[in-house]
Amino acid sequence: MTDTLTPVLTDSWDTERAWTLPAYESRGGYGALRKALGMEPGAIVEAVKESGLRGRGGAGFPTGMKWSFIPQDNPKPKYLVVNADESEPGTCKDIPLMMANPHVLVEGVIISSFAIRANKAFIYIRGEVLHVIRRVQAAVAEAYAAGHLGQDIHGSGYDLDVIVHAGAGAYICGEETALLEGLEGRRGQPRLRPPFPAVAGLYASPTVINNVESIASVPSIIEHGHEWFASMGTEKSKGYGIFSLSGHVANPGQFEAPLGITLRELIDLAGGIRDGHQLKFWTPGGSSTPLLTDEHLDVPLDFEGVAGVGSMLGTRALQIFDETTCVVRATLRWTEFYKHESCGKCTPCREGTWWLVQVLSRLEQGVGSESDLDLLLDQCDNIAGRSFCALADGAAAPIQSSIKFFRDEYIAHLTHGGCPFDPAASTLFATSGALA
Amino acid sequence: MTQVDDKTYAELEQIAARYPEPRSGLLPMLHLVQSAHGRITPEGIEACADILGISAADVSGVATFYTMYKRRPVGDYHVGVCTNTLCAVMGGDAIFSRLKDHLDVGNDETTPDGKITLEHIECNAACDYAPVMMVNWEFMDNQTPESATQLVDDLRSGNEVRSTRGPRIVTWRQAERVLAGYPDGLVDEGPAAGPASLVGLRLARENDWKAPDSPGLETGAGAPSSTSEAEEGK
Ligand SMILES: Cc1cc2nc3c(=O)[nH]c(=O)nc-3n(C[C@H](O)[C@H](O)[C@H](O)COP(=O)(O)O)c2cc1C
Ligand code: SF4
C-alpha cells in the first residue's frame with residue numbers, strides 16, 4: 001500500500017531557498033537528466049508511455065502517446081511548449097510548483113525535449129504572476145550557467161534553448177492552440193484541429209504541448225523508473241498528482257497524493273469543513289467540471305471515477321463550498337467569467353454566454369420564471385458541443401450541474417423575490433468573527 | 001506625444017530577436033511598451049509594427065485582446081481583487097466594494113493622485129489563499145476589507161509593502177519590465193512557499209508519509225519491457 005500522501009514535486013517546498021540550483025542539486029536534482037542523456041530518445045518516450053502518466057492539464061491524455069505522435073521523419077524543427085497558463089478557476093497547483101521548485105520543471109523540459117528531439121522549448125506562463133516568472137527566469141538562467149542548457153549539454157552533443165514567455169491575460173490561452181497563437185504574437189483564438197499540434201503546431205512545425213505538472217513529473221519517472229510511478233494510483237490513472245483544496249475547509253492547501261484518493265480523505269486532511277458547517281457542493285477539477293455534492297465524497301478521484309459520476313477529474317482543483325453559499329450566485333459568477341473570456345471566434349459561445357448571463361442574472365434577482373430554467377438548459381444544449389473549443393463546454397457545466405442538483409434553490413430565488421442567502425455568512429472573516 | 005526612445009526601441013528589437021520568428025516577441029514587446037510609457041501608446045504600437053514588419057492595426061488587434069494591456073494610464077500600483085466565484089464567496093466581493101468606497105473609484109479607474117488603479121480580476125491561481133488580491137501582480141493572500149484598506153493606504157503613503165509570499169512591491173512599470181524578460185534581481189526575496197502550499201507536506205512529515213522508495217538504478221527507465229514482474233512486489 002502506498003502512503004496517504006506521496007510528496008514528490010512538493011517534497012522540497014519546505015527547504016531553504018528551494019528555488020535555487022544548489023538546493024535542487026543537493027537533493028539529487030538533474031540526476032535524471034544525466035541518466036536521460038545516456039538513453040535513446042525513443043526509450044524515454046517508451047518509459048513515459050509505460051509509466052501511464054496522463055496529462056495533468058485537465059484532459060488526461062497519455063503523455064508518452066502524445067510524444068510518439070511527433071513525426072520524426074518531418075524535416076522541420078520540433079518544439080516543446082509548456083502550458084503554464086494556469087487560469088481555470090480553482091486551479092492553483094502549477095503556480096506554487098513553479099514558485100518553489102522551478103528546476104524540476106526545467107529538468108523535465110530538457111528531458112522531454114531530448115525525447116522528442118526538440119532543440120527549442122518554450123515555457124508560456126500567464127503574465128499575472130510576477131514572482132513566479134522571476135523564479136522560472138532565474139532557474140533557466142542557472143541551468144544555462146551550469147551547462148544543463150545550451151550547446152552540447154554535458155558533452156552529449158544535444159543542444160537545447162529554453163525561452164520563458166509571459167502571457168498577457170487571457171484564460172483562453174490555456175487552450176493549447178490558442179496558446180500557440182499567443183506565442184506567435186497573435187490574438188489568442190483557437191485553431192481548427194486537425195491538423196493537431198503534434199503535426200503542425202508552433203510555426204506549423206511538430207509541437208508537443210504539455211501542462212507544467214506533466215512535464216515536472218518526467219524527471220521522477222526517469223530517475224526511479226516507470227514501475228515506480230505506476231505503483232502509485234489506480235489501474236488507469238497512474239502516479240501521483242497535486243490536489244488543491246480551497247474554500248470552506250479549515251486548512252485549505254496543496255496535497256500531493258496518489259490518484260484515486262477521495263474527497264472524504266482530503267477534507268479530513270484539510271481539517272474538515274470549517275467549524276459548524278457542512279459540505280454543500282464542490283468542483284472536482286475547476287469550474288469547467290460539473291459540480292458534485294456530498295453524495296460524492298467517496299468517489300475515487302481518478303479519471304474514471306469522476307467521469308463515472310458525470311463530471312471530470314480536470315485539474316484536481318477542489319473548490320469546497322458549505323451550506324452558506326448560494327449555488328445560483330456561484331454559478332452566475334462563473335458564467336460571467338466565461339462570457340468575459342469567450343474569445344469571440346464562434347457564435348454559439350460568443351452570443352450564447354452573453355444570453356446565459358442575461359437569463360441567470362434575472363433568476364438570481366428573483367425576477368424570472370421557472371420556465372427560465374428550461375430555457376437555460378436549452379441554451380446550454382445549443383452551446384456545449386456545438387462550439388469551436390472546449391471553453392463553451394466548460395461554460396455550460398456549472399449551469400447544467402447546479403440545476404440538476406439544486407433546482408429547488410433556483411426556485412427559492414423566485415419565491416423569495418431575490419437571493420435568500422446572506423453573502424456575509426460565507427466569507428472567511430465571518431467565521432473568525434463568529435469564533436471570536 | 002510619447003516617443004519611443006532609442007534604448008526602448010533597441011530593447012524591443014532585442015526581444016523580437018529571442019524568437020525563431022520575430023512576431024513571437026509581440027506579447028513581451030507590448031509589456032515593454034507599458035513599462036516605458038505606462039500604457040499602450042500609439043507610438044509604442046507603431047514601433048512594434050515597424051520592427052515586426054506588420055501593420056499597426058495588427059498590433060492594435062493583439063493589444064486589445066489581452067486584459068493586461070491598458071489603453072489608459074495605469075497608476076503606480078495596479079490593485080487587483082479576485083472576484084471569481086471562490087474568492088468572491090470567501091470575501092472578495094466585500095473587499096472590492098470596500099475599496100471602491102475607500103478610494104472613491106470604480107472598476108478599472110485610477111485615483112486622482114495617479115497612485116492606484118483598482119480592478120476586479122479573475123482567478124489568479126491562488127485559491128487556497130482566498131480571498132486574494134494582487135498588487136502589480138504580486139500575491140497578497142488571505143485579505144479582509146480591513147487589511148485591504150490598510151494595504152492601499154500604505155501604498156498611497158509610500159510605505160514599503162511586501163507581498164505575503166514574495167518580494168517588496170515595485171511599481172507597475174518596473175513589474176512590466178520583468179514580464180518583458182528583463183529580470184530585476186528580486187528573485188531571491190520571499191519564501192519558497194506560503195503556509196497553505198505546505199499544509200499537505202507538513203502532514204506528510206508528521207505522519208512519515210512518503211512516495212515509495214526508488215527501486216534502485218538497475219530497474220531504471222531503460223528497460224521498459226520488464227514492467228509487469230517488477231510491479232508485482234509493490
Ligand atoms: C479553455 C481552456 C483552458 C485551458 N487552460 C489550461 C491551462 O491553463 N493549463 C493547462 O495545462 N491546460 C489547459 N487547458 C488544456 C490544454 O488545452 C491542453 O489539453 C493541455 O495543456 C495539454 O497538456 P497535458 O496533456 O499535459 O495535460 C485548457 C483547455 C481549455 C479548453
Ligand atoms: S468556444 Fe468560445 S472560446 Fe472557444 S473558439 Fe468559440 S468563442 Fe472562442
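What to note about this one:
- Just one of the listed residues (A:Glu46, A:Glu40, A:Glu86, A:Glu50) is within 21 Å of the chain's Cα centre (by Cα) and at the interface with chain B (Cβ under 9 Å from one of its Cβ atoms), namely A:Glu86.
- Enumerated helices (runs of 4 or more DSSP H) restricted to region A:22-103, each holding at least 2 residues that are open to solvent by 10 Å² or more (accessible area, probe 1.4 Å) and either within 16 Å of ligand 1 (Cβ to nearest atom) or not basic (Lys, Arg) (or both): A:31-37, A:41-51, A:63-68
- Entirely in region A:128-204, the helices (runs of 4 or more DSSP H) that have 1 or more residues that are touching a helix residue (DSSP H, G or I) at 6+ places or on another chain (Cβ under 7 Å), open to solvent by 10 Å² or more (accessible area, probe 1.4 Å) and charged (D, E, K, R): A:130-145, A:176-183
- Members of region A:236-255 found to be within 10 Å of chain B (Cβ to nearest Cβ), more than 14 Å from the chain's Cα centre (by Cα) and part of a strand (DSSP E or B), listed by number: A:Tyr240, A:Ser246, A:Gly247, A:Val249, A:Gly253, A:Phe255
- Taking first residues from region A:78-102 that are over 22 Å from B:Pro191 (Cβ atoms) and within 16 Å of ligand 2 (Cβ to nearest atom) and partners that are assigned to a loop (DSSP other than H, G, I, E, B) and of a type in the set (Ser, Thr, Tyr), the Cβ contacts under 7 Å between residues at least 6 apart in sequence or on separate chains come to A:Glu88/A:Ser287; A:Glu88/A:Ser288; A:Glu88/A:Thr315; A:Pro89/A:Ser287.
- For region A:373-389, a tally of residues being surrounded by fewer than 18 Cβ atoms within 10 Å (Cβ to Cβ) and away from ligand 1 (no atom under 16 Å from the Cβ) returns 6.
- Scanning region B:188-198 for residues that are buried (at least 22 other Cβ atoms within 10 Å of the Cβ) and touching a Phe, Trp or Tyr at 6+ places or on another chain (Cβ under 8 Å) turns up B:Ala192, B:Ala193, B:Gly194, B:Ala196, B:Ser197.
- In region B:99-124, the residues that are open to solvent by less than 70 Å² (accessible area, probe 1.4 Å) reach residues that are among the small types (Gly, Ala, Ser) with C-beta atoms within less than 6 angstrom, at least six apart or across chains, in these pairs: B:Leu99/B:Ala148; B:Thr110/B:Gly75; B:Gly114/B:Gly75; B:Lys115/B:Gly75; B:Ile116/B:Gly75; B:Thr117/B:Gly75; B:Glu119/B:Gly80; B:Ile121/B:Gly80.
- When restricted to residues that are of a type outside the set (Gly, Ala, Ser), open to solvent by less than 30 Å² (accessible area, probe 1.4 Å) and within 11 Å of ligand 2 (Cβ to nearest atom), region A:390-416 contains 1.
- Selection status of A:Val327, of a type in the set (A, V, I, L, M, F, W, C), touching a residue at least 12 places away in the same chain (Cβ under 8 Å) and touching a strand residue (DSSP E or B) at 6+ places or on another chain (Cβ under 8 Å): yes
- Flag: A:Ser68 matches the condition of being of a type in the set (Ser, Thr, Tyr) and within 14 Å of chain B (Cβ to nearest Cβ).
- Of the helices (runs of 4 or more DSSP H) entirely within region A:262-364, those holding at least 2 residues that are within 16 Å of ligand 2 (Cβ to nearest atom) and open to solvent by less than 10 Å² (accessible area, probe 1.4 Å) occupy A:327-341, A:347-364.
- Selected residue [touching a strand residue (DSSP E or B) at 6+ places or on another chain (Cβ under 8 Å) and outside the structural domain of B:Gly114 (by TED's automatic domain parsing)] from B:Arg23, B:Arg18, B:Arg71: B:Arg18
- Of A:Val306, A:Val367, A:Val327, all but one fail to be more than 16 Å from ligand 1 (Cβ to nearest atom), of a type outside the set (D, E, K, R) and either more than 14 Å from chain B (Cβ to nearest Cβ) or touching a Lys or Arg at 6+ places or on another chain (Cβ under 6 Å) (or both); the exception is A:Val367.
- Filtering A:Ala168, A:Ala146 for residues that are modelled with pLDDT of 95 or more and facing chain B (nearest Cβ under 10 Å) leaves a single hit, A:Ala168.
- Residue within region A:406-423 that is within 16 Å of ligand 1 (Cβ to nearest atom), outside the structural domain of A:Ile172 (by TED's automatic domain parsing) and modelled with pLDDT of 95 or more present: no
- Residue within region A:278-294 that is among the β-branched types (Val, Ile, Thr) and within 16 Å of ligand 1 (Cβ to nearest atom) present: yes
- The criterion of at least 1 residues that are within 7 Å of chain A (Cβ to nearest Cβ) is met, among strands (runs of 3 or more DSSP E) falling completely within region B:87-158, by B:133-135, B:138-140.
- Among the residues of this structure, A:Glu86 counts as one that is within 30 Å of A:Ile267 (Cα to Cα) and in the same structural domain as A:Val164 (by TED's automatic domain parsing).
The values are calculated or read from the model by the stated rules, or taken from the named source; none is laboratory data. For clarity, every value in this text was computed on a predicted model and none was experimentally measured. Note that we place each Cβ from the backbone using ideal geometry, even for glycine, and neighbour counts take in every protein chain shown. Areas reflect the complete protein model, heavy atoms only, side chains present, ligands, DNA and RNA absent. Shrake-Rupley method; radii C 1.70, N 1.55, O 1.52, S 1.80 Å.
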